[in-house]
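Written out below as structure tokens is the structure these notes cover.
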Amino acid sequence: MDFFNTKKQYNLLKTKINKAIASVHNHGKYIMGPEVIQLENLLKKYLNVKYVITCANGTDALMLSLMSINIKKGDAVFLPSFSFVSTAEAVAILGADPVFVDVDERTFNIKKESLIAAIENIKNNTDLNCKAIVSVDLFGQTSNYDELKKISQKYKLKLIADSAQSFGAKWKNKKVGNLADITTTSFFPAKPFGCYGDGGAVFTNNSRLFNKINSIRIHGSNKKKYQYSYVGINSRLDTIQASILIEKLRIFDKEIEIRNKIAKFYNKNLSKYLKIPIIDNNCRSVWAQYTLISNNRKKIINYLSKYKIPTAIYYPIPIHLQKPYQKFYKSPDGLKNSIILSKQVFSIPIYPYLSKKNQIEIISRIKETFKN
Ligand SMILES: *Cc1c(COP(=O)(O)O)cnc(C)c1O
């Protein structure tokens, strides 16, 4: 059994994807070819968002977003500690201060009280300028964007959604891409909407931000060749990856449906034994991960591995406890949930091509660990 595998999906789409790649070889426009523009237009329609800027990966998508709002040394950006490192890395690399905030113990997303306490603390007790919030939609579930919008407006902060794991998810029937000032995603192969290499994108409805991000991703170039408006970076999505994503987008809604079915099946069979993931009623998750909570995860993981059932731990150490990030501020509440969750969470396989037989085996092996 695999924790995740791309082979079954590839076999399903093989003819179309091979043809798409061959057609890129035929025109030879490997950088910013017509498929890149076509994908951006398809994503605009799919998300109902005004502007899409594809780029090299999800980390760059965050960096491009932060650069577009001038994040720099002396600025504070609030973000959850229980996330993938990129969320904080993109802030720190620009010389700004990530300020770590705790997460809710059941949704795994940013905790309102912890965020407010962190903002008040930085505002009142430091010289940093409070500039932005980066929310993370962990494991495929959106953050609570009603709360976050209110807080960002009250404190005049820009709201960036790190939706690397939640492309396709919805909050109150609105798709990711429309829930924050700027939204970023990743097309890393193991994300819900992945390509066959690195890839990412930024979404916004703001034309000024679009123009700036669009320029920064190509060295800060402007319309005249070899003239530049900003200090930029080189971060483009390869045409070949775009051509692959175009084919995958056609079956993506179906895949989200299957992920939700598997999650429902797990929920029904595991809730008696373990803390199952809780999805807010306002949200449709895309189930990037199915993550359980146990104060005895080691026993369960070891037992499952005896039967070659793979598991993963996202994330074993919260970012604020990682060596390069210990020096930054954190919410005065001490980030208790992030610390406890890092010791108790484990994820089981949930990709759309996981067979029912495998799902049943995972459930019954987990149940067995509670019998002895
Ligand atoms: C994967 C991920 C990223 C980074 O995406 P890459 O494409 O790997 O750079 C950023 N944030 C979160 C929450 C992620 O899961």
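Roughly how much of F188 is accessible, in Å² to the nearest 10, using a 1.4 Å probe?
Around 100 Å² of this residue is reachable by solvent.
Could you sort 59-71, 207-219 so that the peptide with the highest average Cβ count within 10 Å comes first and the rest follow in order?
Going from most to least packed, we get 59-71, 207-219.
Using amide H atoms built in the peptide plane, which far-off residues or other-chain residues are under 5 Å from F84 H to H?
Residues meeting the criterion, in which the H sits 1.01 Å from N, do not exist here.
May I ask for the percentage of alpha-carbon pairs in region 53-208 that lie more than 28 Å from each other? Could the numbers behind the result be given before it?
Numbers: 1417 of 12090 pairs.
Percentage above 28 Å: 12.
Would you please classify the overall shape of region 139-199 from the alpha carbon gyration tensor, given that a ≥ b ≥ c denote the square roots of the eigenvalues, rounded means a/c under 1.5, and beyond that prolate means a/b larger than b/c while oblate covers the rest? Intermediate values should be presented prior to the final figure.
Working: a/c = 3.16, a/b = 2.00, b/c = 1.58.
Prolate, because a/c is 1.5 or more and a/b exceeds b/c.
Rounded to the nearest 5, what % of the DSSP beta bridges within the chain are antiparallel ones?
On the way: 24 of 42 bridges.
Percent antiparallel among DSSP bridges in the chain is about 55.
If you average the alpha carbon positions of region 38-69 and of region 103-130, how far apart do those two centres end up, in angstrom?
27
Could you tell me which of the pairs K158/K224; K45/K254; K8/K248; K112/K212; K170/K343; K149/K275 are separated by over 21 angstrom between their Cα atoms in the structure shown?
Numbers: K158/K224 30 Å; K45/K254 17 Å; K8/K248 13 Å; K112/K212 30 Å; K170/K343 29 Å; K149/K275 29 Å.
From the list (K158/K224; K45/K254; K8/K248; K112/K212; K170/K343; K149/K275), the Cα-Cα distance tops 21 Å for K158/K224; K112/K212; K170/K343; K149/K275.
On a 1.4 Å probe surface of the protein chains, which of K174, K150, K156 comes out largest in accessible area, and what is the full order? Numbers along the way, then the final one.
Numbers: K174 105, K150 145, K156 175 Å².
Final ranking, largest accessible area leading: K156, K150, K174.
Rounded if a/c is under 1.5, else prolate if a/b is larger than b/c, else oblate: which is region 1-52, with a ≥ b ≥ c the root eigenvalues of its Cα gyration tensor?
Values: a/c = 2.65, a/b = 1.26, b/c = 2.11.
Since a/c reaches 1.5 but b/c is at least a/b, the shape of region 1-52 is classed as oblate.
If you take the square roots of the eigenvalues of the alpha-carbon gyration tensor of region 125-262 and sort them as a ≥ b ≥ c, do you get rounded (a/c under 1.5), prolate (a/b over b/c) or oblate?
It is oblate, given that a/c is not under 1.5 and a/b is not larger than b/c.
Please state the equivalent ellipsoid semi-axes for the chain: what are the square roots of 5 times the Cα gyration tensor eigenvalues, largest first, in whole Å? Each step should come with its number before you reach the end.
Working: eigenvalues 209, 168, 53 Å².
Equivalent ellipsoid semi-axes, largest first: 32, 29, 16 Å.
Which whole-number value in Å² is the accessible area per residue of region 144-246, probe 1.4 Å? Mind showing how you got there, number by number?
On the way: 4390 Å² over 103 residues.
I get 43 Å² per residue for this part.
Which order, highest average first, do 129-139, 47-57 follow once you tally other Cβ atoms within 10 Å for each residue and take the mean per peptide?
Numbers: 129-139: 24.8, 47-57: 21.1.
Most protected by this proxy first, the peptides run 129-139, 47-57.
To the nearest Å, what is the center-to-center distance of region 1-27 and region 185-233, using C-alpha atoms only?
25
On average, how much accessible surface per residue is there in region 11-142, in Å², for a 1.4 Å probe, leaving out ligands, DNA and RNA?
Numbers: 5250 Å² over 132 residues.
Value for region 11-142: 40 Å² per residue.
Once phi is turned into ³J(HN,Hα) by the Karplus curve 6.51 cos²θ - 1.76 cosθ + 1.60 with θ = phi - 60°, what whole-Hz value does each residue of region 279-285 show in order, with x for glycine and proline?
Karplus-based 3J(HN,Hα) across region 279-285 equals 9, 4, 4, 7, 10, 10, 7 Hz.
Would you mind putting 20-28, 255-263 in packing order, based on average other-beta-carbon counts within 10 Å, highest first?
On the way: 20-28: 13.1, 255-263: 18.3.
Top of the packing list down: 255-263, 20-28.
From the phi angles alone, apply the Karplus equation (6.51, -1.76, 1.60; θ = phi - 60°) to region 154-167 and give each ³J(HN,Hα) in whole Hz, x where the residue is Gly or Pro.
4, 9, 6, 10, 6, 10, 10, 9, 7, 9, 4, 9, 10, 4
Pulled fully out, how much extra length does the chain show between Q227 and N129, if you take 0.36 nm times their separation in residues and subtract their Cα-Cα distance? Let's see the in-between values first.
Working: separation 98, 0.36 × 98 = 35.28 nm, distance 3.18 nm.
That works out to 32.1 nm of additional length.
The values are calculated or read from the model by the stated rules, or taken from the named source; none is laboratory data. Just so you know, these numbers come straight off a predicted model, no measurement behind them. Cβ coordinates were reconstructed from backbone atoms using ideal geometry, including for glycine residues, and neighbour counts include every protein chain displayed. Note: areas computed on protein heavy atoms with side chains; ligands, DNA, RNA excluded. Shrake-Rupley method; radii C 1.70, N 1.55, O 1.52, S 1.80 Å.
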